[in-house]
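Asks: My questions all concern the structure below.
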Amino acid sequence: MTFGWQNKVARAASPIMAVCAAALVLFVTFTPAHADTRSNLALPEVMPEAIASLRAQPALGPETLPPVMGQQALTPELLANYVQRQQQLRSVDVTLSGPQPELTTDVLMGYISRGSLAGGNTALSAIDAFTAPAAAARPAPSVTPDLLASYVANGFQPTEKRVQVAEKERGCLAQAIYHEARGESAAGQLAVANVIVNRARSGKFPGSLCGVIYQNADKGRYRCQFTFACDGRDDTPGERAAWARSKELAREVYAEYAQGTEIGALPKSVLYYHTHAVSPSWSRTYNRVAVVDSHIFYAPN
């Protein structure tokens with residue numbers, strides 16, 4: 001009975017305390033927070049209009065539409081434009097605290113290597129790959145500028161020209177096989193072709209098959225190395241089957257000649273031959289190496 005009145009007071013005060021607690025929560029929730037002037041938080045500055053305009057320009061300049069990504073060819077003009085554009089971008093006061101540092105080669109390559117190529121710009125990728133230092137695991141390039149320059153200066157030919165040369169060489173060889181040995185066996189025809197290849201490789205005669213076959217043909221009748229080339233007769237093949245065999249053999253021999261392999265019918269020292277019907281004076285000073293069908297083959301001493 002002593003605490004009866006206290007219990008009644010507590011029960012009566014409970015609703016009042018609950019209402020006060022709810023009011024306190026609402027007050028804290030909806031009261032505006034005051035900014036802490038001591039905070040180091042800095043909101044991004046608005047991009048200056050000058051740099052926004054520059055960034056909106058395509059990579060090749062404001063008057064040219066940008067090419068399709070991944071199809072941009074690397075040219076000196078592109079590199080020069082890229083450097084110029086970066087210099088323009090860096091000259092804008094982005095931080096409102098002064099111009100950016102000068103764009104040097106190191107800065108440019110650092111910019112490229114930091115991942116600005118994620119969009120797949122093959123031209124800039126080529127710049128980066130060409131100028132970046134070679135990694136330790138990356139093998140040294142086998143084609144150097146000096147080697148390439150030497151190749152261009154000493155025999156470079158575009159594919160179209162190489163095809164034309166090959167066709168001409170095969171044609172000359174087929175003519176020689178046909179006119180010099182069309183009545184011979186396959187071994188006899190191959191031996192004649194082997195002599196022509198040996199001459200072209202010897203350094204003592206012209207360095208091409210056509211040059212060997214038609215050497216001195218312009219000096220008059222019977223002054224050339226192979227009689228048919230300067231005897232004044234029409235060289236057009238008249239025997240279809242024999243001409244087909246000559247062309248096929250010429251194709252096979254030229255392939256071996258172009259690849260640098262040995263023909264195999266005769267030693268590479270054999271440079272001369274004649275038929276049994278003649279006996280030239282030089283035949284008595286050279287070494288007889290082989291007799292195949294109606295031809296006798298010789299090598300110089």
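The values are calculated or read from the model by the stated rules, or taken from the named source; none is laboratory data. From a predicted model like this one, the values you see are computed outputs, not experimental measurements. Using ideal geometry, Cβ is built from the backbone for each residue, glycine included, and neighbour counts are taken over all protein chains shown.
Asks: All but one of (1) touching a strand residue (DSSP E or B) at 6+ places or on another chain (Cβ under 8 Å); (2) of a type in the set (Gly, Ala, Ser); (3) surrounded by fewer than 12 Cβ atoms within 10 Å (Cβ to Cβ) hold for Ala290; state the number of the condition that does not hold.
Replies: Going through the list (1) touching a strand residue (DSSP E or B) at 6+ places or on another chain (Cβ under 8 Å); (2) of a type in the set (Gly, Ala, Ser); (3) surrounded by fewer than 12 Cβ atoms within 10 Å (Cβ to Cβ), Ala290 breaks only (3).
Asks: Being exposed (fewer than 14 other Cβ atoms within 10 Å of the Cβ) and at pLDDT 95 or above is the requirement here; does Glu180 meet it?
Replies: No.
Asks: Only one of Leu209, Leu173 is aliphatic (A, V, I, L, M), over 20 Å from Thr275 (Cα atoms) and surrounded by 15 or more Cβ atoms within 10 Å (Cβ to Cβ). Can you tell me which?
Replies: Answer to the selection: Leu209.
Asks: Residue under question is Ser202, and the condition is that it be farther than 22 Å from Ser294 by Cβ and surrounded by 14 or more Cβ atoms within 10 Å (Cβ to Cβ); does it hold?
Replies: Taking the combined requirement at face value, the residue satisfies it.
Asks: Continuing with the same structure: Among the residues of region 237-253, what is the count of those that are closer than 21 Å to Ile263 by Cα and either in contact with a His (Cβ under 6 Å, 6 or more places away or on another chain) or free of Cβ contacts under 8 Å to residues at least 40 places away in the same chain (or both)?
Replies: Number of matching residues: 3.
Asks: Within 11 Å of Asn198 (Cβ to Cβ) and either over 48 Å from the mean Cα position of the chain (by Cα) or assigned by TED's automatic domain parsing to the domain that holds Leu209 (or both), is that true of Ile296?
Replies: No; evaluated as a whole, the condition is false for this residue.
Asks: Inspect all residues belonging to region 239-252 and state whether any of them is surrounded by 12 or more Cβ atoms within 10 Å (Cβ to Cβ) and either more than 41 Å from the chain's Cα centre (by Cα) or not assigned by TED's automatic domain parsing to the domain that holds Arg201 (or both).
Replies: Within region 239-252, one or more residues are surrounded by 12 or more Cβ atoms within 10 Å (Cβ to Cβ) and either more than 41 Å from the chain's Cα centre (by Cα) or not assigned by TED's automatic domain parsing to the domain that holds Arg201 (or both).
Asks: Still on this model: Of the residues Ala244, Ala290, Ala250, which single one is closer than 13 Å to Ala191 by Cα and assigned to a helix (DSSP H, G or I)?
Replies: From the options Ala244, Ala290, Ala250, the qualifying one is Ala250.
Asks: What pairs come out if I take residues in region 162-180 that are polar (S, T, N, Q) and pair them with residues that are crowded, with 21+ Cβ neighbours inside 10 Å whose C-beta lies under 8 Å away, six or more apart or interchain?
Replies: Every condition considered, the pairs that remain are Gln175/Ile213; Gln175/Ser246.
Asks: OK, next. Here is a check on your reading of the model: is Glu180 of a type in the set (Asp, Glu) and in a helix (DSSP H, G or I)?
Replies: Considered against the rule, which asks whether it is of a type in the set (Asp, Glu) and in a helix (DSSP H, G or I), Glu180 comes out as yes.
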